[in-house]
Amino acid sequence: MAGIELLSDQGFRIDGRKPKELRRIQCRLGVFKQADGSAYIEQGNTKVLAAVYGPHETAGGRGKALHDKVLVNCQYSMATFSTGERKRRPRGDRKSKEMTMHLQQTFNAAIMTSLYPRSQIDIYVEVLQSDGGNYCASVNAATLALIDAGIPMKDYVCACSASFVKDCPIVDINYLEESSGGPELIVATLPKSSQIVFLEMNSRLHEDNLSKVLDVAVKGTKDVYQVLDNAVRDHISEVAAFHKLDQS
Amino acid sequence: MADDFKAARPLEYYRKFLEKDVRPDGRELGEFRPTILNIGCISTAEGSALVKLGNTTVMCGIKAELATPKTEEPSNGYLVPNVELSPLCSPMFRPGPPGEQAQVLSHFVNEVLDRSGCIRKEDLCIQTEKLVWVLYCDILCLDYDGNVADACILSLLAALKSTRLPAVKYNEETEKPETDSAKLEPLHILSNPVSSTFAIFDDRLMFVDPTVKEESLTTGTVTIVTNDNDLCIVQKPGGSPLTADQINTCFERAFSRSKEVLRLIDETLHSIER
């Protein structure tokens, strides 16, 4: 590996975390007024915004509308200043298109799509600062935004990444760990029913180790779920208290 | 009842309020929405700022790159502003290439940078004919609730003020730049452009800082960019005609707004340094 030690002999990672420790997650719901639902999430140094519009009439004519379910339209975009090198195109390059498709597939599996036939739901995700785990942060942010918009879902969708260094699985990898050439496993789950909706792995990993890495990643998504759930409950109680004040 | 009236006759609804010199959101005619500024929020950018003007939210990030200058201006760096109104910020905007409004705004920001001379392009030169800085000023609208132009200029100025560039030397023998990232230097900001937008209502009344609702009801707008104690740009793209007196009142308000904004930027910068 390129001279940097991803896991020290004492068992700490570059940013001082233990192998099974997530980065700090901070999130807020309902950050914007224009969107029907919006959320902001920070996972370590990765900062992502998500906005949800809809359900509304399909844009661009009836042609695109699906007769039995809602059309989930996603757009993933990275701010040009979000990475170390300036990004030439915030969207429309292959990587963003792939990410857009992955998000679309993930949320098609989680939203109760049959409730809104012939309509459309837009999910816009904007990465403001990127430090690895962009897909995971985008999924988590979009979940919060969908909840804020009040769109029925089977469950939260929580995503987490994992890697394998020195015979040890590590969870929620940052940019340095992502780009070191080791394996990267990304998983999105419905935490309550322990169902996997999205799973992607790249680079080489011995099959004996796969279950270990998958286990920590799934455990990571459950931890993420706890944090998101707390944030949603806090937000709801805040809103409810505000409405009570308003009425009295 | 009031909600029905507002939805069915928005113009009448506004008139009723404006007769009493107040707006439906409780603001006076000359009052801007509460302005919140956050500087240095993006660590991957050389300079950044987030501005909230009421609900309107705009983020500006500055990325610096090295490039060779144009042959006709061998000692000038580049300033490349770009404004993005993505579909994320409002249902008015569709995905796809930048719309008319985004292009007009980008041009406006470019004009402000050029005319105010707040950054001398010569200052961005490292070695004549060989190496200069390119500053990409990307402005992203996150929530569109009217008066994005003022928010853009404010976020741009704040981001430029927080920009730190690494010290770069040009090695003549190897013809390669040598970067010393430990030494960070601020940009020289020579002046402070501040923009103020006024909306004209019913051909006679004027108020500042229109929201998106107000923008749709107005009969014209005036945008004034002040540069410290000078006027920099005045834009009145058609709409209701105004008298010279009315324009003068706008100038006065624009200058007082400029002082408010600069105080806000200074306070925010101080609070970061501490």
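Between A:Asp15 and B:Ile272, what is the spin-label point distance in nm, taking each point 7 Å from the Cα along the Cα→C-beta axis?
Here the modelled spin labels are 2.1 nm apart.
On C-alpha positions alone, give me the angle between the axis of helix A:134-149 and the longest principal axis of chain A, in degrees, nearest 10.
With both axes taken from Cα atoms, the answer is about 20 degrees.
Kindly state, to the nearest 0.05, the FRET efficiency for B:Met92 paired with A:Asp167, given R0 = 51 Å and r defined as their beta-carbon distance. Show your work: numbers first, answer last.
On the way: r = 54 Å, r/R0 = 1.06.
Computed FRET efficiency for B:Met92 and A:Asp167: 0.40.
In debye to the nearest 20, how big a dipole does the protein assembly as shown give about its Cα centre with +1 on each Lys and Arg Cβ and -1 on each Asp and Glu Cβ?
Numbers: 59 positive and 72 negative charges, 212 e Å.
Here the protein assembly as shown has a charge dipole of around 1020 debye.
Which of the lysines could be linked to A:Lys33 by a straight reach, that is with a Cα gap under 20 Å, when you skip same-chain ones fewer than 8 residues away?
Within reach: A:Lys47, B:Lys6, B:Lys52, B:Lys213.
Grab the DSSP H runs of chain B that are 4 residues or longer, score each as -39,500 (n - 2.57), total them, divide by all residues and round the 222 nm result to the nearest 500 deg cm²/dmol.
Result for chain B, helices only: -10000 deg cm²/dmol.
If each of B:Glu28 and B:Gln235 carries a label point 7 Å out from its Cα toward its Cβ, how far apart are those two points in nm?
With each label placed 7 Å out from Cα toward Cβ, I get 2.8 nm.
Going by amide H atoms built from the backbone, whose H comes under 5 Å of the H on B:Leu140, apart from near neighbours?
Long-range HN contacts for B:Leu140: B:Met59, B:Cys60, B:Gly61, B:Glu84.
For n ≥ 4 DSSP H runs only, could you compute -39500 (n - 2.57) per run for chain A, divide by its residues and tell me the 222 nm figure to the nearest 500?
Calculated at 222 nm, the ellipticity per residue is -11000 deg cm²/dmol.
Going toward the positive end of the dipole of chain A, with +1 on Lys and Arg Cβ and -1 on Asp and Glu Cβ, which of A:Gln120, A:Met78, A:Cys27 do you reach last?
It is A:Gln120.
Can you tell me the dipole magnitude for chain B around its Cα centre, using point charges on the Cβ only (Lys, Arg +1; Asp, Glu -1), in Debye to the nearest 20?
Values: 29 positive and 42 negative charges, 101 e Å.
Rounded to the nearest 20 debye, it is 480 debye.
Straight distance only, please: which aspartates and glutamates reach the Cα of B:Lys161 with their own Cα at less than 12 Å, same-chain residues fewer than 8 apart left out?
Excluding near neighbours in sequence, the set is B:Glu46, B:Glu185, B:Asp266.
Suppose the chain between B:Leu66 and B:Ser256 were pulled fully straight at 0.36 nm per residue; how much longer would it get relative to their current alpha carbon spacing?
My answer for the length gained is 64.6 nm.
Pairs of alpha-carbon atoms within less than 8 angstrom and 6+ residues apart define the contacts here; what relative contact order does segment B:25-273 have, in percent?
Once normalised by length, the contact order is 20 percent.
How high is the relative contact order of segment B:1-114, given as a whole-number percent (alpha carbon pairs under 8 Å, six or more residues apart)?
On the way: 96 pairs, mean separation 12.8, N = 114.
Answer for segment B:1-114 is 11 percent.
Cross-link candidates for B:Lys259: which aspartates and glutamates have Cα within less than 15 Å, leaving aside residues fewer than 8 places away along the same chain?
Cα-Cα hits under 15 Å: B:Glu31, B:Asp150, B:Asp228, B:Asp230, B:Glu267.
Pick out, from B:Val134, B:Ser75, B:Gln235, the residue whose Cα sits farthest towards the positive end of the charge dipole of chain B, with +1 on the Cβ of Lys and Arg and -1 on the Cβ of Asp and Glu.
With unit charges placed on the Cβ atoms, the residue in question is B:Gln235.
Where does chain B land on Rg/Rh, using Cα atoms and the Kirkwood Rh?
1.03
What is the fewest-to-most order of A:Val232, A:Val72, A:Val139 by other Cβ atoms lying within 10 Å of their Cβ?
The order, fewest Cβ neighbours first, is A:Val232, A:Val72, A:Val139.
For the protein assembly as shown, with the dipole built from +1 on Lys and Arg beta-carbon atoms and -1 on Asp and Glu ones, taken about the Cα centre, which of B:Ser271, B:Ser116, A:His243 lies farthest toward the positive end?
A:His243
Computed from the coordinates by the stated procedures, all read-outs in this text should not be read as laboratory data. Owing to the predicted nature of the structure, the values given are computational and were not obtained by experimental measurement. Glycine also receives a Cβ, built like all others from the backbone with ideal geometry; neighbour counts cover every protein chain displayed.
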